[in-house]
Amino acid sequence: MIKQLFRRSLTIQPGLFSFSEYFKERDKAEIFEYYNNKFTDKRYIMYTQKWRNDLEKKAKRRARHQELERQRTPPVAQECKFIVHDQLKGIELPTSLKFAVCKIGGSQYKVVKDDQIITEYMEGLDINTTIELDQVLMVGAKDYTVLGRPFVENAKILATVEQQTLSEKELIYKKKRRKRYQKSQGHRQRITILRINEVVHDVNDQLLNRAVALI
């Protein structure tokens, strides 16, 4: 009976029970007051100024590094250095026992034939695709060594893409003492696995004329 009377009163006088409009107006007033007073709150100013100062320091450091990079003169490419290990014994050509140091991305790898290396993820490569790595820093054999300045001339590495996969999971654990805060997170990096097919280096007469004896 009481519920029926309450429903009838709501239908007769809806303006007296507009609770939703009242709370909407009160929320608007509280939000307006918060936005007006937060710029004068000392704690708000302190925290905002702290992260703004960090951002400004990072921006200045980034600009300083960019300016140094623009002012830095790139090294002048020179002829590679051909070193003979034993002048009396000489060298035997062709030789199949060769190793090379190549640059892939931001890392250097020492490789020989049939090696398997794990590199940074290389986009746009399908499995069983043969690629050429031409950034060879050094080539070494039993009788001689060639040092590139910065890269070795007429040298390349033939490799086959075996896998485009993810690395093993690495756990990242964070904890703060006496704060009841701990967080564990896993990460798997995208990698490319290459198989070295051959180390190719052409020793021509011009390179032999610049030979330097080690002993």
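The values are calculated or read from the model by the stated rules, or taken from the named source; none is laboratory data. Everything numeric here is computed off the predicted structure, so don't read it as measured data. Methodologically, a virtual Cβ is constructed for each residue, glycine included, from the backbone with ideal geometry; neighbour enumeration extends over all protein chains shown. These accessible areas exclude ligands, DNA and RNA; they are computed on the full protein's heavy atoms, side chains included. Shrake-Rupley method; radii C 1.70, N 1.55, O 1.52, S 1.80 Å.
Check segment 153-169 and report whether any residue there is of a type in the set (D, E, K, R) and open to solvent by 100 Å² or more (accessible area, probe 1.4 Å).
Start the filter on segment 153-169 by keeping residues that are of a type in the set (D, E, K, R), which leaves 153, 156, 162, 168-169.
Still in the list and also open to solvent by 100 Å² or more (accessible area, probe 1.4 Å): 168-169.
Yes, segment 153-169 contains a residue that is of a type in the set (D, E, K, R) and open to solvent by 100 Å² or more (accessible area, probe 1.4 Å).
Where in segment 93-207 are the strands (runs of 3 or more DSSP E), entirely inside, with at least 3 residues that are touching a residue at least 12 places away in the same chain (Cβ under 8 Å) and either closer than 18 Å to Cys80 by Cα or of a type in the set (A, V, I, L, M, F, W, C) (or both)?
Correct list: 99-104, 136-140, 144-147, 155-166, 190-201.
Among the residues that make up segment 108-116, is at least one of them surrounded by fewer than 16 Cβ atoms within 10 Å (Cβ to Cβ) and farther than 15 Å from Asn197 by Cα? If you could, list the steps in order and put the result at the bottom.
Filtering segment 108-116 for residues surrounded by fewer than 16 Cβ atoms within 10 Å (Cβ to Cβ) gives 108, 110, 112, 114, 116.
The next check asks that each one be farther than 15 Å from Asn197 by Cα; those that pass are 108.
Scanning segment 108-116 turns up at least one residue that is surrounded by fewer than 16 Cβ atoms within 10 Å (Cβ to Cβ) and farther than 15 Å from Asn197 by Cα.
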Given (1) hydroxyl-bearing (Ser, Thr, Tyr); (2) within 21 Å of Leu88 (Cα to Cα); (3) surrounded by fewer than 17 Cβ atoms within 10 Å (Cβ to Cβ), identify the lone condition not met by Tyr144. (3)
In segment 152-195, what residues are in contact with a Lys or Arg (Cβ under 7 Å, 6 or more places away or on another chain) and aliphatic (A, V, I, L, M)? Ala159, Leu166
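Can you name every residue in segment 31-48 that is part of a helix (DSSP H, G or I) and surrounded by 10 or more Cβ atoms within 10 Å (Cβ to Cβ)? Spell out how you get there, then give the answer.
Here is the first cut: in segment 31-48, the ones part of a helix (DSSP H, G or I) are 31-40, 42-48.
Listed by number, the residues that qualify are Ile31, Phe32, Glu33, Tyr34, Asn37, Lys38, Tyr44, Ile45, Tyr47, Thr48.
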Residues located in segment 106-145, provided they are over 12 Å from Glu162 (Cβ atoms), touching a Leu at 6+ places or on another chain (Cβ under 7 Å) and among the polar types (S, T, N, Q): Gln108
